[in-house]
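A quick write-up on the structure given underneath.
The values are calculated or read from the model by the stated rules, or taken from the named source; none is laboratory data. Keep in mind the model is a prediction, meaning the values are calculated, not measured. Positions of Cβ are backbone-derived with ideal geometry, glycine not excepted, and every protein chain shown enters the neighbour counts.
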Amino acid sequence: MRKECNKIGEWYFGPTVIALGAFAKEQGVTPKWYNRLASLPVIREVPEVIEAAHVDRLHKTLQKNLSPTDFGRLWGKTAFQNAPSVWTLCAGATSFEDILSMGSQLSLLDSNGYMVGLRSTKTSVRVNFYPLRPLPQWQHLMLVQQLAFGFPFLVGDKDLVQRTVVAGEVVPMKALKAFQPAQGAASLAASQVVLNRSSLNQHNPVASQSWALITKSIVEPLIGLRLRNQPSSYRVSRALMESYLRGGRLDMVSVAESLHTEKSTLRRHLKAEQSSFSQILAQFRIQEAKLRLLVGGDLSKVSHDLGYEAPMSLQRLMRQFG
């Protein structure tokens, strides 16, 4: 465990890791680091970063004790009823859609290995998980299950989820609990949970202005501080995603302006991290294009939305890097 983070793909001692630790404790396989922290009367120094190997090791231990079906069923219940998540931290918002909107901004509480973005239509809200480096398939599944199983419980609508995608593969809800992640497999493909918007527009019966204020005044400043301390490649990826979701431009000048820096400075920082704007942009375009085309999106519309004048440019990119 380390207290600083200077690379992409780390997990923090945040809601999801805490939920996993609590889940493991219920199964009688508590990891030493979690047990030590939980037993302290006062936690004065919480480790900022949890090694990815610790998280993987914990999951492997749980796999030995539980079938995929039991893991999916119990994990969805634990994450929402017995432990916090980025979504439940925002449960004081006015509507259920507001909970999703606020929660999607808090993924840095858990990890800098992926980002969460929302795309809304007239009938649905699509919660997308974009990996920034190959994410183990079990982590894709864990993130999807946490939302797909837990959020309907919070909303009170068992038919809330319209579709789930795990690492670029459509997985029907009826198969999601028993879905078996490939051991050792990792993927850069995006994952997704599509929710019925009509239910999400309803007033949240447990809405609390003071609860929402706690999130705004305590959690959001922490996210801001953590974001400023992230590698440039993370901040560029996030700025690109946010610009895309707003219908903005996907170019380096616009991203540099949103990050309050110069294009030349941003290029230099990315080069120092052995990255580049073109690589980050290509990765995001491929992730988003595959996600939308997977469920029948129109190629011309997807290409235009991703900044291409002609579909063949996107097709060429996907052949080259996809």
Go through A167, A186, A148 for me and flag whichever is of a type in the set (A, V, I, L, M) and at positive phi. A167
Could you go through region 8-20 and let me know if any residue there is surrounded by fewer than 18 Cβ atoms within 10 Å (Cβ to Cβ), at pLDDT 80 or above, out of contact with any helix residue (DSSP H, G or I) (no Cβ under 7 Å at 6 or more places or on another chain) and not β-branched (V, I, T). no
Where in region 70-178 are the helices (runs of 4 or more DSSP H), entirely inside, with at least 1 residues that are within 25 Å of R235 (Cα to Cα)? 96-104, 137-155
Just wondering, is there one or more residues in region 214-237 that are closer than 18 Å to T88 by Cα, in contact with a Gly (Cβ under 6 Å, 6 or more places away or on another chain), of a type in the set (A, V, I, L, M, F, W, C) and touching a residue at least 12 places away in the same chain (Cβ under 8 Å)? no
Within region 186-195, does at least one residue satisfy the condition of being under 27 Å from D56 (Cα atoms) and surrounded by fewer than 18 Cβ atoms within 10 Å (Cβ to Cβ)? yes
Only one of V55, V42 is of a type outside the set (S, T, N, Q) and at pLDDT below 80; which? V42
How about region 302-322: which of its residues are part of a helix (DSSP H, G or I) and under 12 Å from E288 (Cα atoms)? V302, S303, D305, L314, M318
In region 183-201, how many are modelled with pLDDT under 85 and either among the small types (G, A, S) or not assigned by TED's automatic domain parsing to the domain that holds R57 (or both)? 1
Could you tell me which numbered condition G150 fails, if it satisfies all but one of (1) touching a Lys or Arg at 6+ places or on another chain (Cβ under 9 Å); (2) closer than 13 Å to V194 by Cβ; (3) crowded, with 19+ Cβ neighbours inside 10 Å? (2)
Only residues that are assigned to a loop (DSSP other than H, G, I, E, B) and closer than 21 Å to G9 by Cβ: list them for region 179-191, please. P181, A182, Q183, G184, A185, L188, A189, A190
Go through S275, S210, S237, S243 for me and flag whichever is among the polar types (S, T, N, Q), in a helix (DSSP H, G or I) and either assigned by TED's automatic domain parsing to the domain that holds G117 or more than 24 Å from H304 (Cα to Cα) (or both). S210
